Amino acid sequence: MTGININKNSVILAVLVVLLLLLPMVVTKPYYLHVIIICLLWAYLASCWNIIGGFAGQLSLGHGIYTAIGAYITVILFNTFGLSPWLGLFVGGGAAILLSLMIGYPTFGLRGAYYALATVAISEGIVVLLNNTGSIGRFTVGGAEGLIVKSVGSSAAAFQFNSKIPYYYIVLIMLFLIIFIAKWIKESKLGYYLVALREDEDAAAAMGINVRHNKLIAGAISAFFTALGGVFYAMLIRYLEPNAIAGASMSTQMVFLAIVGGSGTVLGPVIGGILLALISEIIRFYLGGQLMGLHLFIYGMIVLLMIIYQPRGIIELFEKIGRRFSRKHNDEGGRSGAEDPSGA
Amino acid sequence: MQKTLLELSDLSIKFGGLTAVNRLNLKINAGEAVGLIGPNGAGKTTAFNLIVGVHQPTVGKVIFDEEDITGLAPHVVCRKGIGRTFQVVKPFGKMTVLQNIMVGAFVNTSKKSEARLIATEIMEKMSLQGKRDYLAQNLTIPERKRLEMAKALATQPKLLLLDEVLAGLNQTEIEEAVQLIKTINRDGITILMIEHVLQATMAICSRIVVLDYGKKIAEGSPQEVTSNSEVIKAYLGDEYENADS
């Protein structure tokens with residue numbers, strides 16, 4: 001049964017990949033492609049958050065600081081020295097890792113909400129800092145007015161393209177990469193350790209797991225890839241505004257998408273990210289101009305309903321449908337599927 | 001002469017004004033099965049927590065396998081070769097039985113296939129193979145107790161600390177568990193167990209240590225301990241001290 005299933009799944013996967021690769025040929029309007037890029041970026045960011053928030057169960061409410069630090073450092077290095085964003089993103093990503101260790105080291109040893117509180121406090125602090133820092137020495141930060149990415153026309157080396165198509169393929173590769181990494185973590189010793197410490201820290205420690213160490217590793221991986229998302233955002237929009245890139249809306253959005261999609265699973269945050277971002281964009285498109293905030297209100301209601309009626313995430317709904325489908329085709333397909341928590 | 005595996009010397013801890021464990025001295029030889037009994041609040045679980053590093057002792061030392069492990073963190077102590085179970089079982093609810101056990105097996109390997117092999121062997125030993133793919137949160141109490149032991153065993157310890165693994169089981173289940181623990185001991189794993197079910201403790205252990213108010217009040221064979229007047233007093237009160245005479 002599993003053999004058939006794997007084959008069926010890989011066929012579905014292959015078809016999906018081909019469709020995604022061909023998408024820009026069908027969707028030719030830049031606006032629609034832009035919306036799709038944003039959806040994929042949210043799916044990517046939710047998957048990044050999921051590594052520390054879902055697998056390890058550490059509620060980070062300040063992941064916006066990692067998108068911000070990645071984006072700002074890369075853009076400042078590019079604007080000041082002309083350093084290619086492709087290289088700058090490693091500096092930004094490295095800085096995000098350092099920041100995650102600085103937040104994690106003192107708080108991961110504690111129980112309860114301390115980590116969540118620390119992430120909120122630090123992210124609020126960083127938004128204020130960014131809003132009030134015009135420049136540091138010769139580095140222009142931009143303050144509340146924001147920071148514009150120096151335009152050099154279409155240049156692959158400078159991560160700047162006039163067409164949306166390259167951005168689409170870049171974000172698609174990023175999304176595949178993070179799905180691959182999430183799957184690899186989930187199946188590895190690290191993944192087992194993260195879920196174990198999420199379920200019970202004392203029992204995990206008694207079984208030889210260095211709880212703080214493993215949380216720090218998960219936090220660093222999550223921070224690095226979140227920072228890359230920030231760099232992509234910066235090069236796509238070419239304008240950084242503190243509240244947008246580091247603010248609470250950025251941070252909480254990642255959490256929402258991952259939880260609504262199914263935190264702790266590999267594909268949940270991807271599904272949540274694409275679906276919710278799409279819904280949000282559609283509502284904004286049709287209702288955005290009518291009544292101030294109406295689209296946000298409706299979006300909030302949808303999130304609320306999903307959390308009430310599908311608390312384990314949309315992914316569970318997909319799994320149920322998939323299971324019913326395979327059961328219909330195969331009589332023995334009951335138990336092992338029903339009891340497997342790793343699912344997707 | 002038998003090799004000493006675990007040695008506690010003058011082990012003590014104070015919580016504020018309360019001395020929960022008071023100058024506890026204890027030697028356990030490799031291969032032995034020792035019972036640790038005493039009334040509620042005698043400091044049995046606290047003694048376990050001192051050994052594995054959950055609490056830091058105020059005074060005293062823990063020597064394991066000729067090495068001073070006093071105050072090392074729980075995950076380090078586990079890797080030195082001490083496995084422990086919890087009085088209130090702590091399964092990883094959202095993982096399957098096999099995955100639960102594999103977590104322990106990862107102490108000695110980083111390969112998933114090897115961990116699965118070790119875990120499968122232990123799962124069969126603990127008669128949990130029928131529940132292989134069940135989520136731990138869906139197990140019954142006796143199954144959870146067996147899983148608790150399986151998780152500790154998966155770390156391949158030299159010394160296994162069992163904290164009331166028989167509590168809450170019925171007579172048949174106790175007998176099965178006793179046989180299981182005896183098998184584990186016969187396979188070469190030294191056992192120190194906290195237990196209230198005295199009959200079972202006597203069936204497993206060659207030596208019993210009695211704690212009361214954090215102090216060791218008696219030590220010896222099951223017969224010696226149960227006829228000790230201090231022990232009877234601790235369990236039943238002063239007026240029973242001379243009940244026999």
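The values are calculated or read from the model by the stated rules, or taken from the named source; none is laboratory data. This one's a predicted model, so the numbers in the text were calculated from it and none came from an experiment. Every residue, glycine as well, gets a Cβ built from its backbone with ideal geometry; the counts of neighbours run over all protein chains shown. Calculation scope for accessible area: heavy atoms of the full protein, side chains included, ligands and nucleic acids excluded. Shrake-Rupley method; radii C 1.70, N 1.55, O 1.52, S 1.80 Å.
Below are the figures for this structure:
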{"quantity": "Rounded, prolate or oblate (a/c below 1.5 giving rounded, otherwise prolate when a/b exceeds b/c) for chain A by Cα gyration tensor", "calculated": "oblate"}
{"quantity": "Set B:Lys3/B:Lys61; A:Lys186/B:Lys125; A:Lys183/B:Lys80; A:Lys186/B:Lys111; B:Lys158/B:Lys216 screened for pairs whose C-alpha atoms are more than 21 Å apart", "calculated": "A:Lys186/B:Lys125; A:Lys183/B:Lys80; B:Lys158/B:Lys216"}
{"quantity": "For the protein assembly as shown, share of DSSP beta bridges that run antiparallel, in % to the nearest 5", "calculated": "60 percent"}
{"quantity": "Probe 1.4 Å, all protein chains present, accessible-area order of A:Lys164, A:Lys215, largest first", "calculated": "A:Lys164, A:Lys215"}
{"quantity": "Burial ranking of peptide ranges A:93-101, A:22-30, B:150-158, A:265-273 (average Cβ count within 10 Å, highest at the top)", "calculated": "A:265-273, B:150-158, A:93-101, A:22-30"}
{"quantity": "0 to 90° range, to nearest 10: angle between helix B:141-154 axis and chain B longest Cα axis", "calculated": "80 degrees"}
{"quantity": "Shape category assigned to the range A:1-113 from the gyration tensor of Cα positions, a/c cut at 1.5", "calculated": "oblate"}
{"quantity": "Area buried, chain B against chain A - accessible surface, total, 1.4 angstrom probe, square angstrom", "calculated": "2400 Å²"}
{"quantity": "Only Lys, Arg (+1) and Asp, Glu (-1) charged, at Cβ; chain A dipole about Cα centre in debye", "calculated": "500 debye"}
{"quantity": "Dipole of the protein assembly as shown, positive direction: furthest Cα of A:Ser251, A:Gln160, A:Leu101, with charges on the beta-carbon", "calculated": "A:Gln160"}
{"quantity": "For the range B:1-92: rounded, prolate or oblate by the Cα gyration tensor [a/c cutoff 1.5]", "calculated": "rounded"}
{"quantity": "Accessible area of the range A:145-302 divided out per residue, in Å², using a probe of 1.4 angstrom", "calculated": "39 Å²"}
{"quantity": "Subset of A:Lys150/A:Lys215; B:Lys27/B:Lys151; A:Lys8/B:Lys90; A:Lys215/B:Lys151 violating a 29 Å alpha-carbon distance limit", "calculated": "A:Lys150/A:Lys215; A:Lys8/B:Lys90"}
{"quantity": "Computed accessible area, A:Ser151, all protein chains, 1.4 angstrom probe, square angstrom", "calculated": "90 Å²"}
{"quantity": "Net charge contributed by nearby residues that have their C-beta within less than 12 Å of A:Met306 (K/R +1, D/E -1)", "calculated": "0"}
{"quantity": "Carbon + sulfur, % of accessible area of the range B:128-203 - ligands and nucleic acids excluded, 1.4 Å", "calculated": "48 percent"}
{"quantity": "DSSP beta bridges in chain B [antiparallel fraction, %, rounded to 5]", "calculated": "55 percent"}
{"quantity": "Total charge dipole magnitude, the range A:180-311, about the Cα centre, Cβ charges on Lys, Arg, Asp, Glu only, Debye to nearest 20", "calculated": "240 debye"}
{"quantity": "Dipole axis of the range A:2-333 (+1 Lys, Arg; -1 Asp, Glu on Cβ), positive-most option in A:Leu177, A:Asn50, A:Asn7", "calculated": "A:Asn7"}
{"quantity": "Whole-Å distance, taken between Cα centres, linking the range A:14-64 and the range A:281-323", "calculated": "16 Å"}
{"quantity": "Shielding by other protein chains, B:87-99, mean Cβ within 10 Å", "calculated": "4"}
{"quantity": "Magnitude of the charge dipole, the range B:94-210, Cβ model with Lys/Arg +1 and Asp/Glu -1, debye to 20", "calculated": "400 debye"}
{"quantity": "C-alpha long axis of helix A:85-107 to longest principal axis of chain A, angle in °", "calculated": "70 degrees"}
{"quantity": "Carbon + sulfur, % of accessible area of the range A:2-333 - ligands and nucleic acids excluded, 1.4 Å", "calculated": "71 percent"}
{"quantity": "Chain A, relative contact order [Cα under 8 Å, separation at least 6], %", "calculated": "28 percent"}
{"quantity": "Rounded accessible area per residue of the range B:1-93, 1.4 Å, Å²", "calculated": "41 Å²"}
{"quantity": "Complex-versus-alone comparison for the range B:110-130, residues with a loss of 40 Å² or more in accessible area, probe 1.4 Å", "calculated": "B:Lys112"}
{"quantity": "With DNA, RNA and ligands ignored, accessible area of B:Asp68 (1.4 Å probe; Å², nearest 10)", "calculated": "80 Å²"}
{"quantity": "Size-normalised alpha-carbon gyration radius of the protein assembly as shown, reference 2.2 N^0.38 Å", "calculated": "1.17"}
{"quantity": "Selection from B:Ile63, B:Val89, B:Val76 lying farthest towards where the dipole of the range B:50-99 points positive, charges on Cβ", "calculated": "B:Val89"}
{"quantity": "Cα-based helix-to-principal-axis angle, A:30-50 vs chain A, degrees rounded to 10", "calculated": "70 degrees"}
